[in-house]
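This report refers to the structure that appears directly beneath it.
Please treat every number below as a calculation from the coordinates, not as lab data. What you see is a predicted model; the values in this text were computed from it and never measured. Note that we place each Cβ from the backbone using ideal geometry, even for glycine, and neighbour counts take in every protein chain shown.
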Amino acid sequence: MMTLPELPVGIWGRVVQINAPPAMARRLMELGLIPGTRVCRTAESPAGDPSAYLIRGAVVALRRQDAGGILLYPEEGGEGR
């Protein structure tokens, strides 16, 4: 298991759990990040923060601090799917 910011660019993962303060957890869930959701880290800013993630067909930028409480499993053969 890893956190969302640890997911390599171009690799898919599946959300297992969200550990965040209530307001942030609610916002992340509104973006579609709920357990079972597939997510791909598509890009990283030159400074490394924020990163862009493909979530349910939309690309969303999240700061490392906000994404750090999202736990996921990388998917086997998850590259390029």
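Stretch ASN19-ARG56 to full length: gain in nm at 0.36 nm per residue minus the Cα-Cα span? 11.3 nm is the gain from fully extending ASN19 to ARG56.
At full extension, LEU31 and GLU6 could sit 7.1 nm farther apart than now, given 0.36 nm per residue minus the alpha carbon distance. With Cα atoms as the point set, the radius of gyration and Dmax of the chain evaluate to 11.3, 34 Å. Work out the FRET efficiency for SER45 and ASP66 from their Cβ-Cβ distance, taking R0 = 22 Å, and round it to the nearest 0.05. Efficiency for this residue pair is about 0.95. Can you tell me, using C-alpha contacts under 8 Å and at least 6 residues apart, the relative contact order of region 2-79 as a whole percent? 44 percent. The H on the amide N of THR42, modeled in the peptide plane, is under 5 Å from the matching H of GLY10, ALA52, TYR53, LEU54, each at least 5 residues off or on a different chain.
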